[in-house]
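Report on the following structure.
No value in this document is a laboratory result; all are computed from the given coordinates. As the structure is a computational prediction, the values presented were derived from the model and not from experiment. Neighbour counts are summed over all protein chains in view; Cβ atoms, including those assigned to glycine, are modelled from backbone coordinates with ideal geometry.
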Amino acid sequence: MQTTNATPTTEAEPLQEPPRDTLVKALLTPVLLLIFMILIGGIAMSNLRSIGLRTSVMTQDLVPNTGQATDVMRSLFLERLAVDSFRITGNHTDVRDFLLQQSVTRQLLFDAMETINDAERLKLLHELSDRHSAYGRRFLNEVIPAYREMDALRIEVVDRYGPEAKRFIDRLVETALSSGQPTEVRLAVSAQAQMLNAGTQVSVFVTTQNASARQEAAVLITDARNTILEFDGIADFVTRPMLLSLSSIWSQYEDAFQRLVFVSREYEAIMNEYILPEGPLLTDLARDIQGDIFGELQQLGDASQSQVASTNAVTAGLIVVVLILGGGLALISVRDTHQRKRYEHALEVARNELEQRVVERTVALSVSNQRLREEVDQHHKTQNELIQTAKLAVLGQLSAGINHELNQPLTAIRAFAENAVRFLERSEPEQAQKNLQRIAELGQRMGEIIARFKVFARKGDTPMGVVSLQASVQGALTIVNASLKRHQVQAQSSVTDDELVQADMVYLEQVLVNLLSNAVDAVVENPHSLRRVDVYTEPCPESPEHLVVVIGDDGVGLDEAHVDRVFEPFFTTKQSGVGLGLGLSISHRIVEALNGDLWARPGRLGGAEFCVRLTRADEAESRLQENRG
């Protein structure tokens, strides 16, 4: 800058212009202030514009996209529930629900691909859509036809050939009994029992797809075929035509059963190798898409909050500068303040709009969560049905023993009844009365056996109460008694009648039956076993109000690596095809529902021991009285 100096004269000095540097300084201050204000205002406007763009992206794109991804996940989860229900019940309603849910999922995927702009997410969506379509096609084109063919073959075996074979074998037994030939009677009754047992095992296999029942049915069918052939070697002109008809019907029964086994293996293969694993994979893929969208939403929200803080800091700095530079720039300060308030108002409006959208979305998510809770309740109901199905599967496995337990008194009743008729014809009422008394005793014995199995088959929906541990153990031993006799296993119980626990009697017996059945299987697998199973109780040192029931055997025992896994669903140490691996898992859940615990340990007999910890009845009743007080 240049300065000019006035030359002094003797004349009166005229009015002088202000020095140039003073004017420059006077003008430079507001100019710099104006430039500074413009710069700060530009930064604030840029921040607000950036915040507005991010808010627009969040409210118009990411928040709806997150909701769409959540809807897709929920729809895929409902498809999995329909598939699981169909696998358990075979109900055609589940197929219809699955197909309807497939249509809903396809529409949701189409809507998501129309609105999502990110290339990577679109690629994942297309992959999810293609795999979802293939999943639905294979279920419709492979699973459903296989199940329908299984159903048709089941009708042939159970409802057609089975009753016809029973009609012919009953006639053959009547003819053999009337002939009085011991060999014919023995072979006819043996074939009848084998066919009856085969029909029972086939029914169990059709209901549960149990490999053990399938193998047992195949053996019994072959035994019945061999018995028919042996009978044919001694048949006369009266029984031979009936044998020919019976042999023809039994051949058709056997062929239909073989086709049923083949189709069921194909059905299990497609379900276990593709349908059941693919459902969770589709859900995981949808979850990845949702997580990616939510991550970007979180990043934009954090960036917006950072820019809001930056804008507020810049505005505060601007106010400080205006105050320092003086009141001469009050008008500019007022304008800046007004503009700042306008920007803050716009930001507040955007924030309020975002909060309103978040509130609306929260309400929608609450409704969705309520639906999911209802679906979880339905899943619990399905789980209870699975427990009942497992119980019936145990009854099916023990059905051969039931038949044996009932066939002996039935045969004796028939013999006593025929002899009583003959005694009456001979006018010997005393002998006839003795036979009738024996028939009544045998009928009472059969009633006790059937009553125990009726109690065991009942659903455990009664409330918790006081249960005699000795009665529950004896009831369980009664149910598995046929299996114990068949495998020559000696079971001993030292439980006394004064040991009472707080439990549900039906559920407790189901746990004990499962543990005893597993103990028998373990004893049979050990070639060096003494065929011994012990049931006893022991105190719980760390918790005196509890009682521990121990079921021990001298079987093959458990590896240390398997002790922590035996209660996992579908885990089993038995041979391939024997058992589903659900018995111990279901028993563990039942014991937890009874406020107890179930664990395994090495046994004192050399095998394994399973321990059930339950609450003593006296302790439970005292707690109930304290709560009421």
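Suppose every Lys and Arg Cβ carries +1 and every Asp and Glu Cβ carries -1, with no other charges. What dipole size does segment 468-615 come out with about its Cα centre, to the nearest 20 debye? Please list the in-between numbers first.
On the way: 10 positive and 20 negative charges, 123 e Å.
Computed charge dipole of segment 468-615: roughly 580 debye.
Set the Förster radius R0 to 45 Å, insert the Cβ-Cβ distance between E230 and Q437 as r into 1/(1 + (r/R0)^6), and round the FRET efficiency to 0.05. The partial results should precede the final answer.
Working: r = 37 Å, r/R0 = 0.83.
My answer for the efficiency is 0.75.
Taking the Cα centre as origin and putting +1 on Lys and Arg beta-carbons and -1 on Asp and Glu beta-carbons, what dipole magnitude results for segment 177-310, to the nearest 20 debye? Kindly include the intermediate steps, with their values, before the conclusion.
Numbers: 7 positive and 17 negative charges, 138 e Å.
That gives segment 177-310 a dipole magnitude of about 660 debye.
What is the Rg over Rh value, at two decimals, for segment 168-256, using alpha-carbon atoms and the Kirkwood definition of Rh?
1.02
Below 15 angstrom from the Cβ of R426, what's the summed charge of the other residues (Lys, Arg +1; Asp, Glu -1)? Mind showing how you got there, number by number?
Numbers: positive: R422, K434; negative: E418, E425, E428, E430.
Here the charged neighbours net out to -2.
List the residues of segment 472-503 whose backbone N lies under 19 Å from a point placed 7 Å from the Cα of N595 along the Cα-to-Cβ direction.
499-503
For V548, what is the net charge nearby, where nearby means another residue's Cβ is under 13 Å from its Cβ and Lys, Arg count +1, Asp, Glu -1?
Working: positive: R601, R613, R616; negative: E499, E538, E542, E545, D597, E609.
That works out to -3.
Could you rank the peptides 429-440, 588-599, 471-482 by their average count of other C-beta atoms within 10 Å per residue, with the highest value first?
Working: 429-440: 14.6, 588-599: 18.4, 471-482: 20.8.
Ranking, from highest mean packing down: 471-482, 588-599, 429-440.
Can you tell me the length gained on complete extension of the stretch H126 to R240, counting 0.36 nm per residue apart and subtracting the Cα distance?
Result: 34.2 nm gained on full extension.
Work out how much length R96 to V31 would gain on full extension: take 0.36 nm times their residue separation and subtract the Cα-Cα distance, in nm to one decimal.
Numbers: separation 65, 0.36 × 65 = 23.40 nm, distance 7.74 nm.
Length difference between fully extended and current span is 15.7 nm.
Report the local net charge at A269: Lys and Arg +1, Asp and Glu -1, summed over other residues whose C-beta lies under 13 Å from its C-beta.
Details: positive: R138, R265; negative: E142, E266, E268, E273.
With Lys, Arg at +1 and Asp, Glu at -1, the net is -2.
Need the full-extension length gain, T115 to E348, defined as separation in residues times 0.36 nm minus the C-alpha distance. One decimal, nm. Working shown, then result.
On the way: separation 233, 0.36 × 233 = 83.88 nm, distance 2.77 nm.
Stretched out fully, the T115 to E348 stretch lengthens by 81.1 nm.
Roughly what would the spin-label model give for Y536 and S310, points 7 Å off Cα along C-beta, in nm?
My value for the distance between the label points is 7.8 nm.
Report the FRET efficiency, 1/(1 + (r/R0)^6), for R426 and Q215, where r is their Cβ-Cβ distance and R0 is 30 Å, rounded to 0.05.
On the way: r = 50 Å, r/R0 = 1.67.
Given R0 = 30 Å and the Cβ-Cβ separation, E is 0.05.
Amide H to amide H under 5 Å from G603: which residues, 5+ apart in sequence or cross-chain, H placed 1.01 Å off N in plane?
A608, E609
Within segment 62-106, name every residue whose backbone N is under 15 Å away from a label modeled 7 Å from Cα of I155 along the Cβ vector.
From segment 62-106, the list is 92.
Place a label point 7 angstrom from the Cα of Q378 along the Cα-to-Cβ direction, then list the residues of segment 82-111 whose backbone nitrogen is under 16 Å away.
82-105
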